[in-house]
Amino acid sequence: MAIPGARSAGLLDFATGLAIASVGLARDAAEQAAGASELVRAVVTSPVFTSAGTGDEIDEITVSGTAGHHLLALVTTATDARLCLHLALDAERGNIALARHRMRDALRDLAVG
C-alpha cells in the first residue's frame, strides 16, 4: 500500500478465485478476488492472448477505467500455484509505471520468500 494512489491490493489464487491476503479499501474482498480471478483465467486460457508456439506467456494484465486502473501480475512459483497480485490504483493519484515497477519488486520478494 506504499505505492502512491493504491486503493487496495491482494494476493489471489486465481484458480479458485479466493483472496489469500488483501489490504485497502476494497468494498468486498471476496467479490473483488472472484472478479479479478475470472478475468485472469479468461486471459491466460485464451488463444487470442497467448502464443504457446512462441513461448510467450502472460505475466501482467492492466485494465484502465475513468476512475482508476487494475494491475494484475502473475506470480511465478516453484509449485505452479496459480497466484497473482492485484493492485487497484486511483487514476488521479496513481502512476502506472511506478506501480508496475513496485509490483515487480514485490513479485521478486514473493519468489525469494
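Odds and ends about this structure:
- Single residue of the stretch 18-33 satisfying the filter (in a helix (DSSP H, G or I) and within 14 Å of residue 87 (Cα to Cα)) that is least open to solvent (accessible area, probe 1.4 Å): 33
- Entry remark, the stretch 1-17: residues being surrounded by fewer than 16 Cβ atoms within 10 Å (Cβ to Cβ) and either aliphatic (A, V, I, L, M) or over 18 Å from residue 81 (Cα atoms) (or both) number 4 in total.
- Applying the set (1) more than 27 Å from residue 92 (Cβ to Cβ); (2) open to solvent by 40 Å² or more (accessible area, probe 1.4 Å); (3) modelled with pLDDT of 90 or more to residue 39 leaves exactly one unmet item: (1).
The values are calculated or read from the model by the stated rules, or taken from the named source; none is laboratory data. Being a predicted model, the structure only gives us computed values, none of them experimental. Note that we place each Cβ from the backbone using ideal geometry, even for glycine, and neighbour counts take in every protein chain shown. What goes into the accessible areas is simple: the full protein's heavy atoms, side chains included, and nothing from ligands, DNA or RNA. Shrake-Rupley method; radii C 1.70, N 1.55, O 1.52, S 1.80 Å.
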